[in-house]
1. Would you mind ranking B:CYS150, A:CYS67 so that the residue whose beta carbon has the fewest other beta carbons within 10 Å leads the list?
2. Rounded if a/c is under 1.5, else prolate if a/b beats b/c, else oblate: with a ≥ b ≥ c from the C-alpha gyration tensor eigenvalues square-rooted, which is region B:289-355?
3. Considering only A:LEU54, A:LEU335, A:LEU257, give the residue with the highest GNM mean-square fluctuation for chain A, with springs between Cα atoms whenever their separation is below 10 Å.
4. Under a 10 Å cutoff between Cα atoms, tell me which one of A:ALA155, A:ALA404, A:ALA131 has the largest fluctuation in the Gaussian network model of chain A.
5. Can you pull the semi-axes for region B:178-253, root of five times each eigenvalue of the Cα gyration tensor, sorted largest first, whole Å?
6. Across 10 Å bins from the origin, how do the percents of Cα pairs in region B:215-309 run, short distances first?
7. For a bin width of 5 Å, list the pair-distance distribution of region A:82-205 built from all Cα-Cα distances, rounded to whole %.
8. Plugging the Kirkwood radius over Cα pairs into Stokes-Einstein for region A:62-125, at a temperature of 25 °C and a viscosity of 0.890 mPa s, what D comes out in µm²/s?
Amino acid sequence: MRRPIALLIVLALAWSVVNIDAPEGAPLRVTGLALGVALIAAYLAGVLLERLKLPKVTGYLLFGLVCGPYLLNIINRPMARELQVFNGLAVALIAFIAGLEINAARLRPRLASIAQLGAVVLATMYLVLFAVFWFAWPWLPIEPDAPPALRAALAFLLTSVVASFSPTVTIAVVAESRSAGTYTETSLAIVILADLILILMFTLAMELVRWTGGGSAQQVGLLAAASWEIIGSLAFGAIVGALFSFYLRSIGREVTLVLVGVCLLLSIAARALHFEPVLAALAAGLVVENVAPPEGDALKRAVERGALPVLVIFFVAAGASLQVDALATIGLVALAIAVLRGVLAWGGAHLGSRLSGQDGPVSSMLWMSLISQAGVTLGLTLIAAQEFPTWGVPFQTLMVALIAINQLIGPVLFRNALARAGEIGQMDGGAARPH
Amino acid sequence: MKRQPLRSRELGGADPLDTQLGLPQQSLWQRLKLSRLAPHLQRRAALGLRPGIAPAVVLVPIGFLLGPQVTNVLSIEVLAHLQVGISIGLALLGIFIGRALAREAHHLRALAAGNIESAMTIGIVAVALWFLITRSQVPVGADAVLVALCLAVTAAASSGHTADPRSDPAARVATRVADFDDLLLIAVGALLLVFIRGSYGSFSPALALAPVGIGIVVAIAGLLLFEHSDGESERGLLVLGAVALLGGASAYLMTSPLAAGLVAGLIWTLVPGRADEVLTREAHKLQHPLIALLLIAAGAFFVPHATVWWLLVPYVLFRLVGKILGAVAAAAMLPGIRTFELAGYLVPPGVIGVGFSLTFMFALPSDAGRIVVSVAAAGALLSELLGMFLIPAAPHVDGTAPPAPPAPAGGATA
Amino acid sequence: MSASPRLWLSRETRLLLIVITLSVAVLVVLSRFRFPEEDAAASVAGATPLPLERLAARATYDELATIIAELGRRVTPSVTVLRVESADGQRFVPAVRVRPDLLLAHVRGDSRIRELIGTAAPVDIAAFDEQRELVLLRVPADPSAVVMLETGALSAVRPRYVASIEGTPGGPALRPLFLGRTDRVPDDRYARGLLVLGGVLLASPGSLIFGLDGSFVGICVIDDGYAAGVTGQSLAAAVTGMVGPPSR
């Protein structure tokens, strides 16, 4: 009973403060309030939902959605926008944690079968989605009268974006549920592998659309751009991770402060240099954990424990920025694509598991980790929409609706799968695990 | 139980993560073969001087270098968005002050001495600066009385953090005085913010009580949540949320986050239960990053304008005069400390004055705000440097090296 | 973690050094292909916002109104509107307080200042710079309303919103102004040159430009058919040239 009362007190305080005789310009100073309300109220909402056997993550998302600008407007539009400011930091920290969790030595024996599984899943999704989009093009709300070459390029672009997953949400669910085990590791590896492939495919698709649409190809070569984004990101992250390791070993003071600085560097500087922050932060974590690991698990545990507020804010911001109005306009088509995508993930995962010799939870539930879509997909959609405004707007609306559906369903499914695999909470139990 | 020194209000000893990781056995200086510098520093200590670098001395210049005046890494737009961290940092400082007051309030003489000292400093600096501004007609971008009062409040803060209160009884008394002197300046600062709002727009007088209301409501929510929280992650999240609510709600209404934090800190400490203990352990993890943010932001907002240079020297000098005269009045009430010792310990201003200047900056018109924060930040830096030379060397009780930094966790209980 | 004095040679240290060296080499090689015709660092700096700038979320249009209202509260006490008559008719020009007792405005040489709107003060011209068309008016001293000309953070590259203050019969009026680009062009009258404001006529001549944080950016003048701004630093130097340095 204490928690519901505290939740009501926090919401009442926020409501009173926002409705009191606020000074001019108050909306500009809304961030702290949004942060406080989101942290306490969303967390308590997540805990309450957990009692209803639903994942906390869903509670955070639903809190963001219900209290967000589209429904109750307790977290109004400026608040939601300010919460997004933290997302860059959140994404870097989440990927850094994932890097710290990946032990290369432990993963090495299974790397080949995981790569085979990932290749089959992705090939299934790409081939079938492309075929479906090609044939169904006249009924899709994006440039239905496009000539065949442009139609093929656009179908390929749509395929690459629809087939994308969300490494951030996947890692965030793992971190939040403190899961560890074979299923967790395989899911993470597949999603990260898919992220690398996505960057290549999307770059290729954009180039094809430019070429078939009569525009000029970019000055920078396709391979150069993709290499910079993939290999460059990993190299940049490795440098940051190695410097952080040096700092830990030689100075080792004010580590919290330096860690925050590292995450800022990985999110902001990486973007400024055209790197992919998720990959850079992942590489940094990998180097810290696998090249010169600090003694004991203190750093890993501290980072994981400190990540909870970041994860809550990440999901609340995602919920508050879900554009439910896009669902109203284009919901049925998006729903059909979401169902098709889910079926393909299921089929691809089963086929891949059989071919690569995977069994157990990986075979039966891998598809559940492949449903989430979030920031990466939205970012790619925006890039395409900005460059091709003629058909970009309906393309963006369709993708935003699809992301809204998958964002709501994906984390629930994945957390459910983690629970059924018996891997939730195993991260804490793994402290004594030999590396 | 082991008593945590009061100075932990601002820095709280080593960063908890550093302690968990274990410091490298050899310092960087030793690895770089520069350890021969150490005897020189010790010699200074033997001469009666205690070298110690306060955070302001390092972080304010770093902030200036990163700020719009030099590299523009922290541009004006970015700094505007850092306001959230500044409000949260101030609320956290308020909580620690509230805790210190609640624990030490039975030292009534020190309480009275601290507030007399701070009232004298506020009075002396305010009158002196007001006189200088009005006589010289130097442009300060707002009403001279307001600017002088804002600067006086920032000047009144003290922190004995370069002293070591565990090894020196005089330092212990001085640190207590430095803690208590914050009470008056937080009250004056909160009222001043209401007055500033009244000068530049419509306001409701009831807002003067807003920090108290915010502090009480968040404290109640904290009491309901902290004690029954499960696990370290959850406790950390709830404490961060409570501090963010204190800072965020205060910033939204343009009232004092320090005052809201002070009220909440008092309640959490005085009400029986473990809320205070949970709060201390978790808030300690936020302390260093937030203090660093406050000082870096202050440095970044610094403008090297003629008015700032014109006000800086009188600010530091009259602050010193205020502290000396305040120490004369305060030392007479306190056994166990001599006037010059107390004055020396009260010279370092710590972070609170800089924090207050940032709060004023967001409330005052643009130019006046930048002047206040610039003078306060540069004044804090100069006063910290002065403090390095004025604080007497503390004889160690056992004649050995100073004790190691305190353990961050539960040792906070008195 | 080894605590040996030979730490610099430990296996982990060597591995870390190899990682850094290889990564730097990879980045150098890749940057040759990714940024073939320009220096990588320069390209990155020019193509993207300043590093931490991404933290600053962008304001939407409805919030811009709030920002402008807040800005008006801060800066309008420093602005007085002049009623000016010239051959073209009557105009209202904003003047900014640059010293406790001096207002600065940009007024054409053939104009006559008739009135200071909203004050009972008489028109008392302290100095007029014919070449720059700047006028200083003496008014009752008010140190609290002085704008510091030099503090404005000028960024000559990035697009951004600023506020333009123009004169109206009712007093100063603010409106947001988008500066797509602000190129610096040389000008004989000002040592620091002029800033071209967006390349089109967005602000009327004589209007005052303030940053959204309240810092003074400059005065808008018309120069060869395009809107240009005289920066705060140039104006401060001009004022000193007209009436000497400020007295202490």
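1. With the sparsest Cβ surroundings first, the list reads A:CYS67, B:CYS150.
2. It is oblate, given that a/c is not under 1.5 and a/b is not larger than b/c.
3. Residue with maximal mean-square fluctuation among A:LEU54, A:LEU335, A:LEU257: A:LEU257.
4. Ranking A:ALA155, A:ALA404, A:ALA131 by mean-square fluctuation puts A:ALA131 first.
5. One finds semi-axes of 29, 15, 10 Å for region B:178-253.
6. With 10 Å bins starting at 0, P(r) equals 15, 42, 27, 10, 5, 1.
7. 2, 10, 17, 17, 15, 13, 11, 9, 5, 2, 0
8. The estimated diffusion coefficient comes to 160 µm²/s.
We did not get these values from a lab; they are worked out from the coordinates using the rules stated. Only a predicted model underlies this, so the values are computations on that prediction, with no experimental measurement involved. As a convention, Cβ positions derive from the backbone with ideal geometry for all residues, glycine included, and neighbour counts pool all protein chains shown.
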